[in-house]
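No value in this document is a laboratory result; all are computed from the given coordinates. Source: prediction; values computed, not measured. Cβ placement follows ideal geometry from the backbone for every residue including glycine, while neighbour counts extend to all protein chains displayed.
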There are 2 protein chains.
Amino acid sequence: MVLGEILSHLKKTGIRLTPQRQEILRVLLERFQQGGPPLNAEEIMLQVRRCYPGVSLDTVYRSLATFTKEGLVRELQFRDQSRCFELVTKGEHHHHLVCLGCGKVRPIHYCPADFIEQARECYPDFEIEDHSCTVYGYCPKCREE
Amino acid sequence: MVLGEILSHLKKTGIRLTPQRQEILRVLLERFQQGGPPLNAEEIMLQVRRCYPGVSLDTVYRSLATFTKEGLVRELQFRDQSRCFELVTKGEHHHHLVCLGCGKVRPIHYCPADFIEQARECYPDFEIEDHSCTVYGYCPKCREE
DNA sequence: CACGTGATAGGAATGGTTCTTATCTAGGAG
DNA sequence: CTCCTAGATAAGAACCATTCCTATCACGTG
């Protein structure tokens with residue numbers, strides 16, 4: 001997955017490809033390639049401001065909403081109330097392990113196919129689009145308290 | 001699971017058992033018994049006000065936070081930003097199907113044990129406390145748009 | 001290369017949640 | 001049963017992440 005692929009996808013959709021938006025996507029891609037935790041809107045803004053100092057939080061939120069609608073970005077919600085975002089990548093799929101102490105997020109590279117199957121059987125009239133599985137606990141550092 | 005069990009559990013913890021708190025728990029229990037979707041703070045407040053008209057939203061939030069810390073209540077977050085609460089019940093365990101259109105929540109009475117197992121294997125140093133699995137899609141009504 | 005439409009910046013507004021303060025009360029001690 | 005006090009409550013103010021508003025700007029179509 002490279003930035004070019006994402007940008008050409010965007011072109012097809014007719015969504016305008018401003019430099020700010022390219023930078024937002026680049027930041028998300030970089031984070032994905034590093035395997036790090038998802039970013040929240042403010043973190044994204046701070047990163048983007050390195051190149052485009054004038055960028056507003058509102059712009060970041062609006063762009064992320066647009067990308068989410070387009071299926072390029074996924075929004076995540078954990079129990080600490082924080083909202084964060086990650087790139088949707090073809091061929092790669094993961095879930096999350098969240099520390100209830102420090103809020104740090106780690107990826108789980110496993111997907112329970114049986115669960116989705118069960119949901120489909122239970123509610124055949126539903127058009128299933130997506131799913132998310134999250135495990136909560138305490139990381140080694142937070143266990144010591 | 002009856003209200004008495006919950007209340008006696010609370011007594012053991014030393015948490016004060018005010019009538020408002022009893023009513024909040026009763027409302028949550030009623031919802032659980034009906035098998036309905038989880039409630040948000042405002043819905044709970046409105047129900048509680050039938051008996052205790054003076055109850056404030058703040059009281060509801062504080063009580064729910066206390067119950068959550070005590071493991072009596074679970075807080076849920078879905079992608080529409082809404083925050084809601086449900087009773088934690090022994091012997092019963094479920095996950096959720098959420099409509100991306102209207103936000104309505106339905107229970108899925110199935111749990112992917114393999115997923116939790118995998119998380120444990122992946123991160124043996126983590127102390128796993130809880131997990132949640134959510135499927136997103138469009139309900140029959142919202143599919144028509 | 002000019003034009004129109006959709007995007008942006010900045011500041012103001014919003015709304016859910018939490019804090020503050022004064023008052024009250026549940027429940028243990030006497 | 002009555003008193004006492006730590007902890008709970010109500011009301012309104014404060015908070016803060018997110019969204020709205022409006023004037024301005026610029027992407028990329030034609």
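Of B:SER82, A:SER63, B:SER8, the sequence from fewest to most neighbouring Cβ atoms within 10 angstrom is B:SER8, B:SER82, A:SER63. Close amide-amide hydrogen proximity is noted between A:TYR123 and no other residue 5 or more places distant or on a separate chain, at a cut-off under 5 Å (H modeled in the peptide plane; Pro and chain starts excluded).
Taking the alpha-carbon centroid of each part, what is the distance from segment A:116-145 to segment B:42-103 in angstrom? Distance between centres, Cα-based: 19 Å. Structural descriptor for chain A: relative contact order 19 percent, calculated from alpha carbon pairs under 8 angstrom and at least 6 residues apart. Amide H contacts for B:TYR110 (H built 1.01 Å from N in the peptide plane; partners 5 or more residues away or on another chain; cut-off under 5 Å): B:HIS95. With contributions of -39500 (n - 2.57) from each DSSP H run of at least four residues, the per-residue ellipticity at 222 nm computed over chain B stands at -13000 deg cm²/dmol. Taking every residue in A:106-118 and counting other chain Cβ atoms within 10 Å of its Cβ, the average works out to 5. With both labels modelled 7 Å from their Cα along Cα-to-Cβ, the B:GLU129 to A:LYS11 distance reads 4.9 nm.
Among B:ARG83, B:ARG62, the order by Cβ neighbours within 10 angstrom, fewest to most, reads B:ARG62, B:ARG83.
With 0.36 nm allotted per residue and the present C-alpha distance subtracted, the A:ASP114-A:ASP80 stretch has 9.5 nm of extension available.
A point 7 Å from Cα along Cα→Cβ stands in for B:GLY103, and the other copies hold the same point at 2.3 nm, listed in rising order. In this label model, A:LEU46 and A:HIS93 are separated by 3.4 nm, measuring between points 7 Å along each Cα→Cβ vector.
Isolated cysteines in the protein assembly as shown, defined as those with no second cysteine Cβ under 4.7 Å, comprise A:CYS51, A:CYS84, A:CYS102, A:CYS111, A:CYS122, A:CYS142, B:CYS51, B:CYS84, B:CYS102, B:CYS111, B:CYS122, B:CYS142. For the protein assembly as shown, the tally of Lys pairs with Cα-Cα distances below 25 Å comes to 18, considering only residues 8 or more apart or on different chains. With its label point defined 7 Å out from Cα along the Cα-to-Cβ axis, A:ILE128 lies at 2.0 nm from the matching points of the other copies, in increasing order.
Per-residue Cβ neighbour counts within 10 Å put A:ASP125, A:ASP130 in the sequence A:ASP125, A:ASP130, beginning with the fewest.
Per-residue shielding of A:76-82, expressed as the average number of other chain Cβ atoms within 10 Å of the residue Cβ, stands at 4.
Between copies, the label points at B:LEU57 (set 7 angstrom from Cα along Cα-to-Cβ) are spaced 1.9 nm, reported in nanometres from shortest to longest.
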